[in-house]
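The structure appears below as structure tokens.
The numbers here are math on the coordinates, done by the rules we state, and not lab data. Keep in mind it's a predicted model, so treat the numbers as computed, not measured. As a convention, Cβ positions derive from the backbone with ideal geometry for all residues, glycine included, and neighbour counts pool all protein chains shown.
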Amino acid sequence: EGGPPEGCAGRALLEEAVRTIRDDGAGALTLRAVGARLGVSRTALYRHFADKSSLLNAVSEDGFVRLADALERAWTDGGGGVAGFDAQGRAYVQFALDNPSHYRVMFGVWSSRDENTALRAAGAPAFQVLVDALTALETSGLAHLPREGGIARADEDVRLGKSLVKLGLELEGQVKRE
């Protein structure tokens, strides 16, 4: 239960869930509606997902896998270093803009990362790609990371949080993109 589904039917259910979230929002998502749109029986539907929460977790997990791939590609294509890290920042924002349904679920109120080991495991590689990039920058002398309280200081966390909230509002069309 949960996780990116295996097989064509599971993948089709996941893709339809993403379309529903894009068109109507995550609150409008129901297993029954997704199954009906695809002509999938209830039995087949519940073989892939136990409930709405497991479907939303699968959307999140799929999103985190895609995000980690995009960040890794950006680092490599950018040649590492500062250029690679800048490319990762652009890739992160581009991922959110290109995949707003995934992004909303990955970082929205529907996510249950604290309670879902598989979802935490899916999100960890995306975060680790960024940590590895920062570590490489520090090792090469291109960055100095403060050590109190972890990788970033509280004021940097607040700034990042505000940026992510603004990005979320841009995705919702509530503020104009600069």
Discussion item. Testing the spin-label approximation: label points 7 Å from Cα along Cα→Cβ at THR117 and GLN94. State their distance in nm.
Written reply: 3.6 nm
Practice prompt. Once you have a ≥ b ≥ c as the square roots of the Cα gyration tensor eigenvalues for region 20-122, tell me rounded if a/c is under 1.5, and otherwise prolate or oblate according to whether a/b is larger than b/c.
Written response: prolate
Worksheet item: Ranked highest first by the average count of other Cβ atoms within 10 Å around their residues, in what order do 123-131, 23-31 fall?
Response: 123-131, 23-31
